[in-house]
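Colleague: Here it is: the structure, laid out below.
What follows draws every value from the coordinates through simple rules; no lab data is involved. Computed from a predicted structure; not experimentally measured. Cβ: placed from backbone, ideal geometry, glycine included. Neighbour counts: every protein chain shown.
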Amino acid sequence: MVGQVASRPLWWRALHALWAYVRSAHATFIWLAVLLYTAHVAAELSPHVLDRVLGNRSTNLHHLSEDPVRVLISSAFWLDGGSWIEYFLLYNIFHVPAERWLGTVRWFGVVVIAHVGATYISEGVLYWAIENGHAPADRVNTLDIGVSYALAGIAAVLTYRIPAPWRYLYLAGVLVVVISPLIGHINFTEVGHFSAALLGLACYPLVRSKTRRNEQLVPAAST
C-alpha cells in the first residue's frame with residue numbers, strides 16, 4: 001500500500017496526505033465548515049439584521065433562563081469578531097492536535113465542559129454584578145456568542161500533551177493570555193476565558209490515561 005501511494009503523482013500524494021490530516025480530526029473540520037457557512041451568512045446580512053440574528057443566539061442571562069439548550073448549541077456556530085481565517089489557524093493549532101490526541105469523544109467532552117461551564121460562570125458573575133448595582137440591568141441582554149471559551153479550554157488541556165519541563169512554560173503562556181486582560185478591567189467575557197482555561201485544566205481525569213502514556217513514551221524515545 002505504501003509503495004502504491006509513493007508511485008502516485010505528487011499532486012495525488014499531497015491530496016491524499018491532506019485528506020488523511022482532515023480525517024484525523026474530522027469533527028474539528030466539520031465545525032470549521034459550519035463556521036465558514038455562518039460567517040458567509042453574517043457577511044451578507046445588514047448590521048441591523050445581523051445584530052438581531054446574533055442576539056437570538058446569544059447565551060445571555062435572558063436566554064439562559066428561558067431556552068438554555070438552544071442558545072448554548074447555536075452560539076457555538078457563529079463568530080463574534082475575528083475572521084474565519086484567524087479561527088481556521090487557531091483550530092489547526094489547538095483543536096486539531098487535541099482531537100487527534102484525545103479522540104473525538106473526549107475532545108468533544110472538553111469542548112462542552114469549557115463552553116457550557118465558562119458561559120454559566122461568566123454570566124453568573126454578570127448576574128451578581130447586576131444584582132449588586134455594579135452593572136446596569138439591561139446587561140441581561142448583552143451579546144455573548146462565539147467559540148472562544150471552547151478554544152481556551154482546549155488550549156489549556158493541551159498542557160497535559162506536552163512533556164515536562166516544556167509543559168510548564170506552555171501553561172505559563174496560557175495563563176498569561178487569560179489573566180492579563182483581567183488586570184485593571186474585569187468584564188464577563190474575560191472572566192469566561194479565564195474560567196474556560198481552568199475548566200480545561202480540570203479535565204485532567206478525562207485525559208489522564210493519555211497523559212501517562214505520553215510520559216511513558218518519552219524515556220523510550222530518548223534512548
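Colleague: For the range 46-53, just list the computed ³J(HN,Hα) in residue order, Karplus coefficients 6.51, -1.76 and 1.60, θ = phi - 60°, integers in Hz, with x standing in for Gly and Pro.
Modeller: Result, rounded to whole Hz: 6, x, 5, 5, 4, 4, 5, 5.
Colleague: Still on this structure, I have one more. For residue 70 and residue 108, compute 0.36 nm times the residue count separating them, minus their Cα-Cα distance, and round to one decimal in nm. Mind showing how you got there, number by number?
Modeller: Details: separation 38, 0.36 × 38 = 13.68 nm, distance 1.76 nm.
Extra length from residue 70 to residue 108 when fully extended: 11.9 nm.
Colleague: If you don't mind, another one. Sort 152-158, 89-95 by packing, meaning the average of other beta carbons within 10 Å per residue, with the highest value first. Intermediate results must be reported in sequence, preceding the final value.
Modeller: On the way: 152-158: 27.1, 89-95: 17.7.
Final packing ranking: 152-158, 89-95.
Colleague: Pop a pseudo-label 7 angstrom from the Cα along the beta-carbon direction at both residue 179 and residue 20 and give the gap in nm to one decimal.
Modeller: So the label points at residue 179 and residue 20 sit 4.1 nm apart.
Colleague: Still on this structure, please answer the following. So how do 106-118, 166-178 stack up, highest first, on mean other-Cβ count within 10 Å?
Modeller: 106-118, 166-178
Colleague: Now a separate question. Using only Cα atoms, find the angle between the long axis of helix 26-44 and the longest principal axis of the chain, and express it within 0 to 90 degrees, rounded to the nearest 10.
Modeller: For 26-44 against the chain, the angle is about 40 degrees.
Colleague: Among (1) 1.16; (2) 0.97; (3) 1.11, only one was calculated for this model; which label is it, if the read-out is Cα Rg over 2.2 N^0.38 Å?
Modeller: (1)
Colleague: Hey, rough spin-label estimate for residue 132 and residue 100, points 7 angstrom out along Cα→Cβ, what's it come to in nanometres?
Modeller: Label at residue 132, label at residue 100, 4.5 nm between them.
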